[in-house]
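The values are calculated or read from the model by the stated rules, or taken from the named source; none is laboratory data. Small disclaimer: the values here were computed from a predicted structure and weren't measured. All Cβ positions, even for glycine, are placed from backbone atoms using ideal geometry, and neighbour counts span all protein chains on display.
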Amino acid sequence: MPARNYTPENTETPNVEPNGPPSGSSPELKLAEAGQVDDVGLLKKAAAGDGRAFHALLDRHMDRLFRLAVSLVGNSADAEDLLQETFAGAYRGLDRFEGRASVGTWLTRILVMQTARFRRTRRRKPMGSIESPAFDASAASAAAGSSGTGGVDARIDMQAALLQLSPAHREVLVLREFEQMSYEEIADVLGVPQGTVESRLHRARSELREKLSAYLP
């Protein structure tokens with residue numbers, strides 16, 4: 001699981017301490033009140049300098065984003081690095097949130113962008129460490145048109161097959177089948193037309209079926 005404490009680094013804004021707001025900020029959000037504030041409200045408070053609001057926002061989305069990161073890069077170590085870069089990017093971009101999409105979609109878009117940058121700079125192949133808990137075998141099996149039975153072995157085989165997909169196909173399949181995002185949301189995250197999402201998803205499902213033929217009877 002990702003670390004719960006996060007302090008943005010290398011930003012021009014004040015550091016966010018794990019247990020308090022940036023120095024010199026306005027009165028911070030009380031932790032007991034965080035659950036009563038929606039995502040946009042927390043983001044606005046964070047943009048105004050409330051560090052606790054920023055941490056409350058991250059806590060809401062951290063587990064989902066971590067699972068997504070593992071799904072995209074294949075191992076928890078790289079996923080944790082990716083999550084830290086995502087949070088740093090979100091912190092730097094607080095003032096640029098326009099509200100055209102949900103905060104969750106906005107954070108997902110940042111994660112996907114950081115994943116693309118990660119692939120360009122690291123070129124690490126994740127196949128040496130298969131972590132099946134990140135994947136829901138039934139969801140992937142449904143996407144591929146298979147039964148999805150077989151327990152742990154099926155989950156491992158499914159992840160191995162997913163990690164063999166092209167990055168573009170893996171992204172669109174994970175966002176649709178695991179994140180249950182709409183075509184419109186996926187188009188917003190990937191920055192492509194909705195028609196491209198639909199055609200890419202069709203090809204991704206076909207590619208996954210082909211990869212699974214090596215594992216399924």
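Structure data summary
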| read-out | value |
| --- | --- |
| Residue that is farthest from the chain's Cα centre (by Cα) [pool: residues in the range 193-217 that are at pLDDT below 95 and assigned to a loop (DSSP other than H, G, I, E, B)] | Pro217 |
| Residue among Asp59, Asp81, Asp95 that is over 16 Å from the mean Cα position of the chain (by Cα) and either modelled with pLDDT of 90 or more or crowded, with 21+ Cβ neighbours inside 10 Å (or both) | Asp95 |
| Unmet criterion (only one of (1) surrounded by fewer than 17 Cβ atoms within 10 Å (Cβ to Cβ); (2) not in a helix (DSSP H, G or I)) for Met181 | (1) |
| In the range 195-212, residue farthest from His61 (Cα to Cα) [restricted to those that are surrounded by 14 or more Cβ atoms within 10 Å (Cβ to Cβ) and not charged (D, E, K, R)] | Leu212 |
| Check on Arg67, under 19 Å from Arg176 (Cβ atoms), assigned to a helix (DSSP H, G or I) and at pLDDT 95 or above | no |
